[in-house]
Amino acid sequence: MVDIIIPVYNVAPYLRECLDSVLKQTYKDIHMIIIDDGSTDGSALICDEYMKYPNVTVHHQCNSGISITRNKGLALSHSDYVMFLDSDDWMEPETVESLMSLLKSSCADIACCRFYFEYEQKRVSSCIQTGNVNLYGSESALKVLFAMKAIRFAPWGKLYKREIFDGIQFPAHKIHEDIPVMVELLLKANSVVTIEKAYIHYRQQPGSLSRDE
């Protein structure tokens, strides 16, 4: 099973598109963990609408920031694999199935894909859709990460073996909190597989939780 952790904060206009994109995945063995981080715009009520699905868990908390919210999602995760998805983004229906296939066929610990960049409901850029697959060892993956090419600092757009997060947490109330976490994960990973294909739609939206910290 794959746990998909979705932090939510004041993204009501976009939230259903995000959550529905998870429910529409071709890979069906999915558990969606929705963490409402004290939303005040009606997002919390939208989250509760999805409690009717048996594979959805909703947790509400006082506003604590993106790192604590992601850590809470990891604490609620008990599956062998985990993903993150920002609540104003969405993903293609075959995202999980494709990344799971890559992870298993390569015996890697992390599988990474590319993303489309969306701004004000318009796609302004996308990656080259070659479909090329590359496998990196830990040190090579770090070089690719800091070159900001096939591996990005953001935790979304990746499928992880859940065990790789053992002993690793997102630092609370830090700017660019993704950087030290991704470095730790890559150092811990035996290998990382990437595909030059976009599956995630990244929406640049002022005010969203994961863009503010």
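The values are calculated or read from the model by the stated rules, or taken from the named source; none is laboratory data. The model shown is predicted, which means the values in this text are computed figures rather than measured ones. Glycine gets a Cβ as well: all are built from the backbone with ideal geometry, and neighbour counts include every protein chain shown. Heads up: the accessible areas ignore ligands, DNA and RNA and are worked out on the full protein's heavy atoms, side chains in. Shrake-Rupley method; radii C 1.70, N 1.55, O 1.52, S 1.80 Å.
In table form, for the structure just shown:
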quantity: Filter result for the condition that a residue is outside any helix (DSSP H, G or I) and touching a Leu at 6+ places or on another chain (Cβ under 9 Å), over Ile46, Ile33; calculated: Ile33
quantity: The range 50-90, subset touching a residue at least 12 places away in the same chain (Cβ under 8 Å) and of a type in the set (D, E, K, R), residue farthest from Leu185 (Cα to Cα); calculated: Asp88
quantity: Condition met for Glu184 (surrounded by fewer than 16 Cβ atoms within 10 Å (Cβ to Cβ) and at negative phi); calculated: yes
quantity: Hey, Asp20 crowded, with 19+ Cβ neighbours inside 10 Å, acidic (Asp, Glu) and either touching a Phe, Trp or Tyr at 6+ places or on another chain (Cβ under 6 Å) or in a helix (DSSP H, G or I) (or both) or not; calculated: no
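The rows are residues; the columns are (1) out of contact with any His (no Cβ under 8 Å at 6 or more places or on another chain); (2) within 24 Å of Gly167 (Cα to Cα); (3) open to solvent by less than 50 Å² (accessible area, probe 1.4 Å).
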position: His31; (1), (2), (3): yes, yes, yes
position: Cys62; (1), (2), (3): yes, no, no
position: Ser67; (1), (2), (3): no, yes, yes
position: Asp86; (1), (2), (3): yes, yes, yes
